[in-house]
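The next block holds one structure in the form of structure tokens; read it before the comments.
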Amino acid sequence: MIRITFPNGSVREFSKGVSSYEIAQSISQGLANEVYSATVNGELWDLSRPVETDATVRLHKWDDAEAKHAFWHSSAHLMAEALEVLWPGIKFGIGPAVENGFYYDVDPGDGKVITDADLPLIEEKMKELAAKNSPINRSVVSKKEAMELFTAKGDEYKTELISELEDGTITLYRQGNFTDLCRGPHLRDTSQIKAIKVLSLAGAYWRGDEKRKMMTRIYGITFPKQKLLDEYMVMIEEARKRDHRRIGKDMELFAFSPKVGMGLPLWLPKGADMKQRLIDFMTKVLKTRGYVMVSTPHIGNVDLYKTSGHFEKYGADSFRPITTPQEGETFMLKPMNCPHHCEIYNATPHSYKELPIRMAEFGTVYRYEMSGELHGLTRVRSFTQDDAHHFCRPDQLKEEFKSIIDLVQYIFKIAGFNEFTAQISLRDPSNRDKYIGTDENWEKAEQAIIEAAGEKNLTTTIAIGEAAFYGPKLDFMVRDAIGRKWQLGTIQVDYNLPERFELTYNGSDNQKHQPVMIHRAIFGSMERFVAVLIENTAGKFPLWLTPDQAVVLPISEKFNDYAKTIFNLLNNSDIRTLIDDRSEKIGKKIRDNELKRIPYLLVIGEKEVEAGTVSVRRQGEGDKGVMKPKDFISLVREDISKEIGN
RNA sequence: GCCUCCUUAGCUCAGUGGUAGAGCAGCUCACUCGUAAUGAGCAGGUCGUGGGUUCAACUCCCAUGGGAGGCUCCA
């Protein structure tokens, strides 16, 4: 007998060789049916794998990431089995589970192409194979056996993978006629895969190397119940409806023109106004937090970027330099504001008493992005950063960090992002050549970030090797209304630029000292922030920010004069108001203006004209009753002050 | 940049080797209306662009612009 310990601490005895599935069954068959994988002594195991010794066992139901992982990984194998039937001789790369589903990278063979039209075929074949209820069997093989098997199959991708594995650790999984190299764990059999959707096709370089072969990546997702797949498809549809590119066009916020150039956003009047409101709001906040505003040109001499080191690192991947016709001087489009800000720092002498200096600019920068990378407002070639640089003494580093974290928390709250996490990106100690700066400075900076985040009670994850080449950073990820994650703000420590630009301040000892620099952006860029805001709110922006706050709806043309009086009164009271005096029925006007996402609809008819009132309807909430125009103005002002404070 | 796909009216989308259609939006007229679609009419596209095949191309082929999803990249 062996002793099995459960997560709640209880211990039960089973006979040697019991499987996790049987353990689950011993609790209840209902549980066993809902369990997909198990963690045995800290290792992820197949449910069917026999447990030979005393162990701690945790059973994974669908809500555990571990269960989904096994489920989707097995689904990838099922898809591979289907592909092998449909394209005999097809070669397989890797086929892992991912956050939402799974994919398999395949090479259909010379001249053969898999297209979108094939996706339903694959899906049908998968359903057919799943229904066979084939058990999934694990076997341990020697490296030699594995090599022979896949060499015989002619699958050079698998043999390449095997050649890098250690002998004695190689496992194969087989279901039906399909065998794959795999670490596992997997489901007990394919019958648990009830709902299947093959989603899309994409190209993917073999092993992520752009010099190697482009494989065909096939994405899919599966669920144990049709209902879950239906819900997932609804979520995908909801995400599609919230797409900022669609809403941005619909609400006339921004546009792109091939004539202007791809990746170069054009802000239309309503979008430009909104962007300006965000900038004005942020500027006001910054001024209360000790920032000074600066302004710098859109280009800079190439020597500036040679000094900063950006030219060496990114020069080849930048827009080509600009040359003056007479003097032959070379300029670059500004890819970063920081070198300019360093020269602003250098324009005047500094004492330790005036540090920290918090220098902010809404600076527009230009970066070459590969054409395939451009995406709406989230990935563009021209964007305006809400950039700032803190120049501080080394002893102020942690406090500055904390002040920025505080600012991020404040701004995110007002923007309606109540749920966010932070990632601390540190350097990879085994790959020091990638980074510049002394070990001592790196350690100090990493320590300051970790401590500041801890003291601010941030929920953080640590990512080794994700630091910028000049320093560690703290990135903020918000979760939107439908659960997607977006990266917005970032805080980065930099000892490099102060050195390169020879920044100094006079210390209390009357000696020159070098300040530490912190780069930070809260919105990230105005473009990206507006995009995320659109996707989070589906275009129903907070009242203070939205392009049109109210619309006056006269019930018939007889009331147009009074409606215009209200329209003028509100606009003169700084409430952005439209009037809909079309000759349409009131129901139609309400519908149209609700669809235009206008927060307040003001219905004007005979009663309102006589009583000198307006009938207020709040978007999505319906009729709010009648009130005097001045009371409506107060109502709007109260709403706004609730949103952004005074 | 690479892979797969897409590109028809302002928007969403039909469509066939025999030189184009709907709904919504727009405009005009009638109606003058009480909280999510009043009716009628009109107008609107050299089917992304350039070649080629064909008696004939929106349709088939090639190139190219733009877009989508991925890969790679992201100071």
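The values are calculated or read from the model by the stated rules, or taken from the named source; none is laboratory data. Remember, predicted model here, so these are calculated numbers, not experimental data. Note that we place each Cβ from the backbone using ideal geometry, even for glycine, and neighbour counts take in every protein chain shown. Heavy atoms of the whole protein, side chains included, go into the accessibility calculation; ligands, DNA and RNA do not. Shrake-Rupley method; radii C 1.70, N 1.55, O 1.52, S 1.80 Å.
Among residues of region A:570-599 that are small (Gly, Ala, Ser), those with a beta-carbon under 9 Å from a residue that is open to solvent by less than 30 Å² (accessible area, probe 1.4 Å) and modelled with pLDDT of 95 or more at least six positions away or on a different chain give the pairs A:573/A:629; A:573/A:633; A:573/A:636. Scanning region A:148-199 for residues that are touching a strand residue (DSSP E or B) at 6+ places or on another chain (Cβ under 8 Å) and of a type in the set (Ser, Thr, Tyr) gives A:157, A:171, A:173, A:179, A:190.
Taking residue A:637 as the residue in question, decide whether it is open to solvent by 60 Å² or more (accessible area, probe 1.4 Å) and either assigned to a helix (DSSP H, G or I) or within 10 Å of RNA strand B (Cβ to nearest atom) (or both). For residue A:637, the condition - open to solvent by 60 Å² or more (accessible area, probe 1.4 Å) and either assigned to a helix (DSSP H, G or I) or within 10 Å of RNA strand B (Cβ to nearest atom) (or both) - is met. Counting only residues that are open to solvent by 50 Å² or more (accessible area, probe 1.4 Å) and free of Cβ contacts under 8 Å to residues at least 60 places away in the same chain, region A:70-97 holds 3 of them. Within region A:532-561, restricting attention to residues that are within 19 Å of residue A:576 (Cα to Cα) and within 11 Å of RNA strand B (Cβ to nearest atom), the residue that is farthest from the chain's Cα centre (by Cα) is A:560.
Of all residues in region A:191-209, those that are more than 20 Å from residue A:224 (Cα to Cα) and assigned to a helix (DSSP H, G or I) have Cβ atoms under 9 Å from Cβ atoms of residues that are near RNA strand B (Cβ under 8 Å from one of its atoms) and open to solvent by 60 Å² or more (accessible area, probe 1.4 Å), 6 or more apart or on another chain, in A:206/A:214.
Of the residues A:70, A:38, only one is within 18 Å of residue A:225 (Cβ to Cβ) and either in contact with a Lys or Arg (Cβ under 6 Å, 6 or more places away or on another chain) or at pLDDT below 95 (or both); which? Talk me through it step by step, then tell me what you get.
Working: A:38 fails: within 18 Å of residue A:225 (Cβ to Cβ).
Residue meeting the stated conditions: A:70.
Restricting attention to region A:183-218, the residues being at positive phi and away from RNA strand B (no atom under 12 Å from the Cβ) number 1. Within region A:408-430, the residues that satisfy the criterion of being outside any strand (DSSP E or B) and either among the hydroxyl-bearing types (Ser, Thr, Tyr) or outside the structural domain of residue A:467 (by TED's automatic domain parsing) (or both) are A:410, A:430.
Where residues in region A:379-407 are small (Gly, Ala, Ser) and outside any helix (DSSP H, G or I), which of them is most open to solvent (accessible area, probe 1.4 Å)? Walk me through how you get there before you give the answer.
At the first step, the residues of region A:379-407 found to be small (Gly, Ala, Ser) are A:382, A:388, A:403.
Filter again for outside any helix (DSSP H, G or I), leaving A:382, A:388.
On the way: A:382: 20, A:388: 0 Å².
This residue is A:382.
State the number of residues belonging to region A:572-585 that are within 6 Å of RNA strand B (Cβ to nearest atom) and at pLDDT 95 or above. Steps first, please.
The first filter runs over region A:572-585 and keeps only residues within 6 Å of RNA strand B (Cβ to nearest atom), leaving A:583-585.
Pick out the ones that are also at pLDDT 95 or above and you get none.
Summing the residues that are within 6 Å of RNA strand B (Cβ to nearest atom) and at pLDDT 95 or above in region A:572-585 gives 0.
Flag: residue A:597 does not match the condition of being basic (Lys, Arg), within 26 Å of the chain's Cα centre (by Cα) and open to solvent by less than 10 Å² (accessible area, probe 1.4 Å).
Would you confirm, using the coordinates I've provided, whether residue A:8 is under 38 Å from the mean Cα position of the chain (by Cα), surrounded by fewer than 23 Cβ atoms within 10 Å (Cβ to Cβ) and in a helix (DSSP H, G or I)? Spell out the reasoning first.
Working: under 38 Å from the mean Cα position of the chain (by Cα): yes; surrounded by fewer than 23 Cβ atoms within 10 Å (Cβ to Cβ): yes; in a helix (DSSP H, G or I): no.
No: the conditions fail for residue A:8.
Looking only at region A:104-159, count how many residues are assigned to a helix (DSSP H, G or I), touching a residue at least 60 places away in the same chain (Cβ under 8 Å) and of a type in the set (Ser, Thr, Tyr). So the count comes out to 1.
I'm checking my understanding of the structure. Among residues of region A:360-373 that are touching a residue at least 24 places away in the same chain (Cβ under 8 Å) and open to solvent by 40 Å² or more (accessible area, probe 1.4 Å), which one is farthest from RNA strand B (Cβ to nearest atom)? Lay out the reasoning, then the answer.
So the first thing to find is which residues in region A:360-373 are touching a residue at least 24 places away in the same chain (Cβ under 8 Å), and the list is A:360-369, A:371.
Still in the running and open to solvent by 40 Å² or more (accessible area, probe 1.4 Å): A:362, A:366-368, A:371.
Numbers: A:362: 16, A:366: 9, A:367: 4, A:368: 6, A:371: 3 Å.
Within region A:360-373, the match that is farthest from RNA strand B (Cβ to nearest atom) is A:362.
Among the residues that make up region A:337-345, is at least one of them in contact with a Leu (Cβ under 7 Å, 6 or more places away or on another chain), outside any loop (DSSP other than H, G, I, E, B), in the same structural domain as residue A:520 (by TED's automatic domain parsing) and open to solvent by 40 Å² or more (accessible area, probe 1.4 Å)? The answer is no; no qualifying residue exists. No other residue among A:509, A:494 is crowded, with 19+ Cβ neighbours inside 10 Å and within 26 Å of residue A:346 (Cβ to Cβ) apart from A:494.
Mind checking which residues of region A:608-630 are touching a Ser or Thr at 6+ places or on another chain (Cβ under 9 Å) and loosely packed, with under 13 Cβ neighbours inside 10 Å?
Listed by number, the residues that qualify are A:623, A:625, A:628, A:630.
Only a single item in (1) open to solvent by less than 40 Å² (accessible area, probe 1.4 Å); (2) touching a residue at least 40 places away in the same chain (Cβ under 8 Å) is not met by residue A:60, and it is number (2).
The residues of region A:160-190 that are outside any strand (DSSP E or B) and either buried (at least 18 other Cβ atoms within 10 Å of the Cβ) or touching a residue at least 60 places away in the same chain (Cβ under 8 Å) (or both), listed by number, are A:161, A:162, A:176, A:177, A:182, A:184, A:185, A:186, A:187, A:188, A:190.
For residue A:605, indicate whether it is touching a residue at least 40 places away in the same chain (Cβ under 8 Å), more than 28 Å from residue A:537 (Cβ to Cβ) and within 9 Å of RNA strand B (Cβ to nearest atom). So residue A:605 fits the description; yes.
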